[in-house]
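K.L.:
Below: one structure in structure tokens.
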Amino acid sequence: MADLKAQFMRTPWAKPRVTSQPAGNTTLVNLPTFYAVRWAAQGFEPGEVDRSVLRGIPVQIRPKLIGFTYVFGDGSTLGPTSSRGGVYPDGDITHVYRSPGARSVRVDTTFGADFSLDGRSWDEIPSTVTVPGPTTTVTVREARSVLVNH
């Protein structure tokens with residue numbers, strides 16, 4: 001099992017990027033910002049199978065999602081959750097920033113996995129790994145209203 005856990009930790013995980021709405025990674029103070037996860041093309045995401053050979057035995061490792069933790073860049077996090085978020089009006093991952101500034105936002109993904117030795121039945125690897133995603137800079141601006149008399 002120790003060799004399987006070590007192989008599990010070496011799996012080249014997919015690192016999802018977080019996207020935001022309003023579009024353009026710019027939002028306003030006190031405005032709900034919607035977040036969504038987009039899987040990277042490289043690496044293994046849940047359900048895909050990483051095939052290798054361990055001590056001469058063919059091994060398959062099938063990642064599964066344990067949860068996402070959204071890191072909003074202002075000290076706030078949300079998760080773990082299985083939600084991939086979404087866009088307005090149906091997205092369920094939102095955050096409201098209370099002050100302007102640039103925020104480094106990311107989603108950390110916790111993976112578990114099942115394994116199969118030599119093409120036999122699947123069993124669970126009793127371990128998890130949390131993979132930090134790449135950061136996206138979200139700019140939070142403050143809007144000011146001006147009354148004009150025409």
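The values are calculated or read from the model by the stated rules, or taken from the named source; none is laboratory data. Source: prediction; values computed, not measured. Every residue, glycine as well, gets a Cβ built from its backbone with ideal geometry; the counts of neighbours run over all protein chains shown. The accessibility values were calculated without ligands, DNA or RNA, using every heavy atom of the protein model including side chains. Shrake-Rupley method; radii C 1.70, N 1.55, O 1.52, S 1.80 Å.
K.L.:
Find the Rg to Rh ratio for the range 73-150, where Rh is the Kirkwood radius over alpha-carbon pairs and Rg uses the same atoms.
P.N.:
Values: Rg = 20.5 Å, Rh = 16.6 Å.
Here Rg/Rh amounts to 1.23.
K.L.:
Among the DSSP beta bridges whose two residues both lie in the chain, what percent are antiparallel, rounded to the nearest 5? It would help to have the intermediate numbers written out before the result.
P.N.:
Working: 41 of 45 bridges.
Beta bridges within the chain, antiparallel portion: roughly 90 percent.
K.L.:
Which shape class, rounded, prolate or oblate, goes with the range 111-150 when its Cα gyration tensor gives a ≥ b ≥ c as root eigenvalues, a/c under 1.5 marks rounded, and past that a/b bigger than b/c marks prolate?
P.N.:
On the way: a/c = 6.82, a/b = 5.11, b/c = 1.33.
Taking the square roots of the gyration eigenvalues as a ≥ b ≥ c, the range 111-150 is prolate.
K.L.:
According to the square roots a ≥ b ≥ c of the eigenvalues of the Cα gyration tensor, what is the shape class of the range 81-123, taking rounded for a/c under 1.5, prolate for a/b larger than b/c otherwise, and oblate for the remainder?
P.N.:
Working: a/c = 5.56, a/b = 2.63, b/c = 2.11.
Prolate, because a/c is 1.5 or more and a/b exceeds b/c.
K.L.:
Label-point separation (nm) for Val131 and Val49, each offset 7 Å from Cα along Cα-to-Cβ?
P.N.:
1.8
K.L.:
Can you give the log10 of the normalised intensity I(q)/I(0) at q = 0.20, 0.21 Å⁻¹, computed with Debye over equal Cα scatterers of the range 39-95?
P.N.:
Rounded to two decimals, the profile gives -0.87, -0.91.
K.L.:
Let me ask something else. For a test of the definition: using alpha carbon positions, the gyration tensor, and the 1.5 limit on a/c, classify the chain as rounded, prolate or oblate. The partial results should precede the final answer.
P.N.:
On the way: a/c = 3.60, a/b = 3.36, b/c = 1.07.
Because a/c hits 1.5 or more and a/b exceeds b/c, the chain counts as prolate.
K.L.:
Counting Lys and Arg as +1 and Asp and Glu as -1, each charge on the Cβ, what is the dipole of the range 18-150 about the Cα centre in debye, to the nearest 20?
P.N.:
Values: 12 positive and 12 negative charges, 76 e Å.
For the range 18-150, the charge dipole is close to 360 debye.
K.L.:
State in Å² the accessible area per residue of the range 21-115; use a 1.4 Å probe, count heavy atoms of protein chains only, and round to the nearest integer.
P.N.:
Values: 4780 Å² over 95 residues.
Ligands and nucleic acids excluded, the figure is 50 Å² per residue.
K.L.:
Ignoring ligands, DNA and RNA, what percent of the 1.4 Å accessible area of the range 85-137 is carbon and sulfur? Before the final figure, lay out the partial values.
P.N.:
Values: 1240 of 2740 Å².
Carbon with sulfur: 45 percent of the solvent-accessible area.
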